[in-house]
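Peer 1: Structure below; questions to follow.
The values are calculated or read from the model by the stated rules, or taken from the named source; none is laboratory data. No experiment lies behind these values; they were computed from the predicted model shown. All Cβ positions, glycine included, derive from the backbone under ideal geometry; neighbour counts span all protein chains shown. Please note that ligands, DNA and RNA were not included when accessible areas were found on the heavy atoms of the full protein model with its side chains. Shrake-Rupley method; radii C 1.70, N 1.55, O 1.52, S 1.80 Å.
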Amino acid sequence: MKLQAFLAGAAMLAIGSLQPANAETLTVGSTPTGVPFTFLDIQTNEIQGMMVDLVRAVGQEAGFEVTVQPVDFGSLIPSLTSRRIDIIAAAMIATDARREVIDFSQEVMPYGEGVVVAAGFEGGISPTFEELRGEVIGVQQGTTYLDRLQSMDVFGEVRVYDSLADILNEVNRGRIAAGMGDKPIMAYQMSQGRFPEVKMADYESQQTGSVGLGVRKDDTALLERIDGALAKLKENGTVDELSLIHISEPTRLGMIS
């Protein structure tokens, strides 16, 4: 993570000019459990990650500064609509249901869900999950996957967890049969070697979408500024550079739906 932090800092220094002293400051909500997109750096006690670096770059391009606050995933949208934060910068898929409540920027990157199982599990997982009938599956609170799994009359139990790391740990210890969550995040965490008894199941994502920055419905001017900045950062290669800095190539290729 130290090398990533150094490279990310170097990338940020290369983006545009410094903010004026009187630049406006907006509050950004990011989750502490979405490594490598957002995570709590225990050495600095600050939220770091690709989406944090991205929103800082967007702010620099659009003319505002940001302060980043840790917010649990399930509380991000309520915190935005209640004006406790101004922008969501997290691994949040821009679903139709969420678009009814908040607005999203243009796409930052494609995204989809994955399923993890024990390393000894044989065969694939179908969209009906018949292979896991009667078993316990884990899912993160506040995600779009929760309602879907709970609506399926197939599992013995749908167990809800605070983070994907908790789900991976439970599968790793054999306490639950499987877990569903954001595929890029789970793949990255597994690539770090912390969960040797877990593997990504052969499963085709059913809820693919895109990740973007979130703003309130009435903040149309802010959304236009963010989209304009994102367009420039995509054109000059900054978005791709941040993606490469924070997400290893073995994880990126074939892992993001």
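Peer 1: Residues to consider are Lys183, Lys199; find the one that is under 17 Å from Ile125 (Cα atoms) and surrounded by fewer than 17 Cβ atoms within 10 Å (Cβ to Cβ).
Peer 2: Lys199
Peer 1: Further question: How about the stretch 72-147: which strands (runs of 3 or more DSSP E) wholly inside it have at least 1 residues that are of a type in the set (Asp, Glu) and under 30 Å from Leu244 (Cβ atoms)?
Peer 2: Qualifying strands (runs of 3 or more DSSP E): 102-104, 113-118.
Peer 1: Moving on. Taking Glu135, is it in contact with a Phe, Trp or Tyr (Cβ under 8 Å, 6 or more places away or on another chain), open to solvent by 50 Å² or more (accessible area, probe 1.4 Å) and more than 25 Å from Val215 (Cβ to Cβ)?
Peer 2: Taking the combined requirement at face value, the residue satisfies it.
Peer 1: Mind telling me which of the residues Gly59, Gly114 ends up being closer than 25 Å to Glu197 by Cβ and open to solvent by less than 10 Å² (accessible area, probe 1.4 Å)?
Peer 2: Answer to the selection: Gly114.
Peer 1: Identify, please: which residue in the stretch 34-47 is within 20 Å of Gly181 (Cβ to Cβ) and part of a strand (DSSP E or B) and is, among those, modelled with the lowest pLDDT?
Peer 2: Across the stretch 34-47, the extreme among qualifying residues is Gly34.
Peer 1: In addition: Being assigned to a strand (DSSP E or B) and either under 12 Å from the mean Cα position of the chain (by Cα) or aliphatic (A, V, I, L, M) (or both) is the filter here; which residues of the stretch 158-193 pass it?
Peer 2: Residues satisfying the conditions are Val158, Val160, Ala178, Met180, Gly181, Asp182.
Peer 1: Just one of the numbered conditions (1) crowded, with 18+ Cβ neighbours inside 10 Å; (2) more than 17 Å from the chain's Cα centre (by Cα); (3) at negative phi is not true of Glu130; which one?
Peer 2: Single failed check for Glu130: (1).
Peer 1: For Ser82, state whether it is at pLDDT 90 or above and either of a type in the set (S, T, N, Q) or open to solvent by 20 Å² or more (accessible area, probe 1.4 Å) (or both).
Peer 2: yes
Peer 1: Kindly list, by first and then second residue, each pair from a residue in the stretch 149-164 that is more than 13 Å from Met180 (Cβ to Cβ) and touching a residue at least 60 places away in the same chain (Cβ under 8 Å) to a residue that is part of a strand (DSSP E or B) and of a type in the set (S, T, N, Q), limited to pairs with Cβ atoms under 9 Å and residues at least 6 apart or on different chains.
Peer 2: Asp162/Thr33; Asp162/Gln140; Ser163/Thr33; Ser163/Gln140
Peer 1: Also: Could you tell me how many of the residues in the stretch 203-238 are part of a helix (DSSP H, G or I), among the β-branched types (Val, Ile, Thr) and closer than 17 Å to Val66 by Cβ?
Peer 2: So the count comes out to 2.
Peer 1: Scan the stretch 195-210 residue by residue and report those that are at pLDDT 90 or above and out of contact with any Gly (no Cβ under 7 Å at 6 or more places or on another chain).
Peer 2: Matches in the stretch 195-210: Phe195, Pro196, Glu197, Val198, Lys199, Glu204.
Peer 1: Name every residue in the stretch 164-180 that is closer than 12 Å to Gly34 by Cα and open to solvent by 10 Å² or more (accessible area, probe 1.4 Å), in order of residue number.
Peer 2: Ala165, Asp166
Peer 1: Looking at the stretch 23-33, which of its residues are assigned to a strand (DSSP E or B) and crowded, with 18+ Cβ neighbours inside 10 Å?
Peer 2: Answer for the stretch 23-33, where residues must be assigned to a strand (DSSP E or B) and crowded, with 18+ Cβ neighbours inside 10 Å: Leu26, Val28, Gly29, Ser30, Thr33.
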